[in-house]
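Just passing along the structure, written as structure tokens.
Rule-based calculations on the coordinates, nothing more; no lab input. Remember, predicted model here, so these are calculated numbers, not experimental data. Reconstructed Cβ throughout: ideal geometry from the backbone, glycine too, with neighbour counts over all protein chains shown.
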Amino acid sequence: MGSSESLEQGPGRRPVLLALRCYGRELARRPRPTVPAMLPPALGNIGIAHIAPLAVAKLVGGIADRAGTGHGPILPYVLAHAGAVLAGETLWRVGLHCLNRLDALGIEHLYVIGMDELFAKDAAFFHDISRD
């Protein structure tokens, strides 16, 4: 009951593939803004999801090895964790700014292409004077 009805009501496969293909062409057409839009979020994820937990794991391992700890042995790991998170979040902010700019440029170009095609169809319709 739900599977066949939901497939008919949702968007067709062809329009989604067309939109993805057009968007992919826009990304390939503009490598200069694409690289800064894609690379910083990826590096930010590495900093937040991998480097920061590794600093915490190293801290916990150091605490487990030594019974008594002071501020001296703990401070480098805390600073490494804070630095990794701060750098990752900063990279994400820069990447989001570049992504927003890339999206705006791509949407603008796709809008112009779509309007040109629409105007061409309108002109073809109104200039079609084939009469029987």
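Once fully extended, how much extra length lies between L79 and V60, figured as 0.36 nm per residue of separation less the alpha-carbon to alpha-carbon distance?
Gain on stretching L79 to V60: 5.4 nm.
Separate question: If the chain between H71 and N100 were fully stretched, how many nm would it gain, using 0.36 nm times the residue separation less the Cα-Cα distance?
Going from the current span to full extension adds 6.2 nm.
Under a Cβ-Cβ cut-off of 11 Å, what is the net charge of the residues other than P33 that fall near it, where Lys and Arg count +1 and Asp and Glu count -1? Display every interim value, and only then the final one.
Values: positive: R29, R30, R32, R101; negative: E26, D103.
Counting the neighbours of P33, the net charge comes to +2.
Give the angle, between 0 and 90 degrees and rounded to the nearest 10, that separates the Cα long axis of helix 71-126 from the longest principal axis of the Cα atoms of the chain.
Here the helix axis deviates by roughly 0 degrees.
Give me the one-decimal nm value for the distance between modelled label points at V35 and V112, 7 Å along each residue's Cα-to-Cβ direction.
Simple spin-label model gives 2.3 nm for this pair.
Based on Cβ point charges of +1 for Lys and Arg and -1 for Asp and Glu, what charge dipole magnitude is obtained for the chain about its Cα centre, in debye rounded to the nearest 20?
600
I want the local charge near L105. Using Cβ-Cβ distances under 12 Å, sum +1 for each Lys or Arg and -1 for each Asp or Glu among the other residues.
+1
Please name whichever of F119, A84, P15 sits farthest to the positive end of the charge dipole of segment 15-132, dipole taken about the Cα centre and charges placed at Cβ: Lys and Arg +1, Asp and Glu -1.
A84
Counting each pair of different Cα atoms once, what's the Kirkwood radius of the chain in Å, rounded to one decimal?
Working: mean 1/r = 0.0504 Å⁻¹.
When all Cα pairs of the chain are included, the Kirkwood radius is 19.9 Å.
Looking at segment 9-84, what % of the alpha carbon pairs are farther apart than 17 Å? Write down the numbers at each step before the final one.
Numbers: 1856 of 2850 pairs.
Tail of P(r) above 17 Å: 65 percent of Cα pairs.
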